[in-house]
1. If you plug each phi of the stretch 18-27 into the Karplus form 6.51 cos²θ - 1.76 cosθ + 1.60 with θ = phi - 60°, what whole-Hz ³J(HN,Hα) values come out, in order, with x for Gly and Pro?
2. Quick query: amide H of Gly187 versus all other amide H atoms, modeled in the peptide plane; which residues come in under 5 Å with a sequence gap of 5 or more or a different chain?
3. Can you list the HN-Hα couplings for the stretch 203-210, worked out from phi with the Karplus curve (6.51, -1.76, 1.60; θ = phi - 60°), rounded to whole Hz and with x for Gly and Pro?
4. On the accessible surface of the chain, probed at 1.4 Å, how many percent belong to carbon and sulfur atoms?
5. With no solvent and one equal point scatterer placed on each C-alpha of the stretch 224-283, evaluate the Debye formula and give log10 I(q)/I(0) for q = 0.16, 0.24, 0.26 Å⁻¹, two decimals.
6. What pairs in Lys240/Lys334; Lys106/Lys401; Lys127/Lys319; Lys37/Lys384 have C-alpha atoms more than 26 Å from each other?
7. Enumerate the whole-percent occupancy of each 5 Å bin, from 0 to the last occupied one, for all C-alpha pair distances of the stretch 189-319.
8. Quick check for me: using +1 on Lys/Arg Cβ and -1 on Asp/Glu Cβ, what's the dipole size of the chain about its Cα centre, in debye to the nearest 20?
Amino acid sequence: MALEVKNIKKQDTKENINVLERTQQTIEIALEKLRSKSGMYELLKEPLRLMTVRIPVKMDNGEIKVFTGYRAQHNDAVGPTKGGIRFHPDVTEDEVKALSLWMSIKCGITNLPYGGGKGGICCDPRKMSFRELEILSRGYVRAISQIVGPTKDIPAPDLYTNSQIMAWMMDEYSHLREFDSPSFITGKPMALGGSHGREWSTGLGVTMITKQAAKLKNISMDDAKVIIQGFGNAGSFLAKFLHDSGAKIVGVSDALGALYDVNGLDVNYLLDNRDSFGSITHLFTNRLTNGELLLKECDILIPAAIENQITEENARDIKAKVIVEAANGPTTLKATQILTKRNILIVPDVLASAGGVVVSYFEWVQNNQGYYWSEEEVSEKLEKILTEAFVNVYQTSIEQKVDMRLSAYMVGLKRLSSAIEWRGWI
């Protein structure tokens with residue numbers, strides 16, 4: 001039976017608070033648990049810097065369109081800030097701020113020498129030509145060039161940006177600085193100093209974390225039933241890696257709808273036929289909505305789309321044993337409480353999706369050294385860091401008797417708050 005196709009959208013409920021406010025609430029609780037010094041929360045609840053820029057672009061039809069962009073730098077007490085740049089029509093100042101806070105926590109969890117940064121431009125790249133995207137990318141770099149750099153703030157790809165956009169940005173920055181600057185940005189093509197594994201790092205990292213979580217719940221990856229909401233870069237690689245590990249991918253979705261088959265979907269067909277933005281469901285008639293997919297039978301549910309997908313309204317009907325958050329903020333705080341009481345293990349976004357920033361760090365190190373690693377070396381180093389991070393967060397959750405989300409924030413903020421104290425900022 002063909003069902004109505006609906007876009008993935010934020011759940012419209014009374015608990016759908018601003019994503020920045022939700023992040024700040026969790027940070028405040030984590031710092032209280034850590035018994036941090038007075039004033040620490042006031043410093044860490046907002047980025048140290050936020051730049052808003054306006055970028056004029058001459059469109060193909062001759063019209064001059066002005067785009068708004070942002071770059072947030074949360075805190076550089078540990079080291080330079082690091083974080084992606086997203087191109088999306090829903091980019092907002094608060095979202096960029098929240099994402100920069102999350103990046104600080106991810107870097108703390110994985111013990112990287114960074115603070116968090118994040119950037120974005122409010123645009124729809126799906127409706128822009130190649131030429132328009134290049135002009136926009138170069139204009140953004142010119143606008144933020146004074147606050148970024150290899151030892152200041154290192155950008156990377158994010159939602160709807162890729163290696164080509166990173167290449168344009170690196171080239172523009174090199175022209176501005178009048179020397180080649182590969183370590184200014186990560187996620188570049190291999191020919192320009194990119195690292196093996198950067199394209200699939202987030203997907204592989206989520207796979208590694210998913211295997212660790214499955215062990216805790218005594219779920220064998222052989223024939224484990226997995227649902228993945230979202231089929232973009234991370235979601236599609238994730239489907240491939242989990243499928244290759246023996247798991248049965250029973251559900252996937254994109255912005256247009258969802259597919260579900262209890263016997264398992266043909267992952268190779270889906271990968272071969274998706275478009276450049278990860279859309280695949282338009283090729284099928286028997287589709288579900290994204291909301292319906294979340295409530296289907298599975299062992300492991302992986303939200304890999306956008307925030308606020310699992311809420312107080314649907315948390316009691318989730319049938320998964322494990323939820324691994326590949327997306328940013330897919331589960332609300334009230335939903336987290338409900339799911340935890342139901343003994344459903346939630347691996348939070350700041351841990352589950354940390355593979356991307358880890359391999360970005362690897363690329364930055366390789367650029368600085370001028371020595372490049374093999375794909376096998378990258379995978380081995382990534383697995384070591386993520387496994388240690390998962391064990392640390394899980395053990396902290398047991399010792400402190402808190403859920404994995406709060407535990408992750410505690411682990412992620414511990415080093416940062418210590419660095420701030422040593423510097424004498426507080």
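1. Values, residue by residue: 3, 4, 5, 4, 5, 5, 5, 4, 5, 4 Hz.
2. HN-HN under 5 Å from Gly187: Ser195.
3. Working through the residues one at a time gives x, 5, x, 5, 4, 4, 5, 4 Hz.
4. Summing carbon and sulfur atoms, their accessible area is 47 percent of the total for the chain.
5. -0.39, -0.92, -1.09
6. On the way: Lys240/Lys334 32 Å; Lys106/Lys401 21 Å; Lys127/Lys319 37 Å; Lys37/Lys384 32 Å.
Result: Lys240/Lys334; Lys127/Lys319; Lys37/Lys384 exceed 26 Å.
7. All Cα pairs, binned at 5 Å, distribute as 2, 11, 21, 23, 21, 13, 6, 3, 1, 0 percent.
8. 900
The values are calculated or read from the model by the stated rules, or taken from the named source; none is laboratory data. Bear in mind that the values here come from a model prediction, so they are computed numbers and not experimental data. Glycine gets a Cβ as well: all are built from the backbone with ideal geometry, and neighbour counts include every protein chain shown. These accessible areas exclude ligands, DNA and RNA; they are computed on the full protein's heavy atoms, side chains included. Shrake-Rupley method; radii C 1.70, N 1.55, O 1.52, S 1.80 Å.
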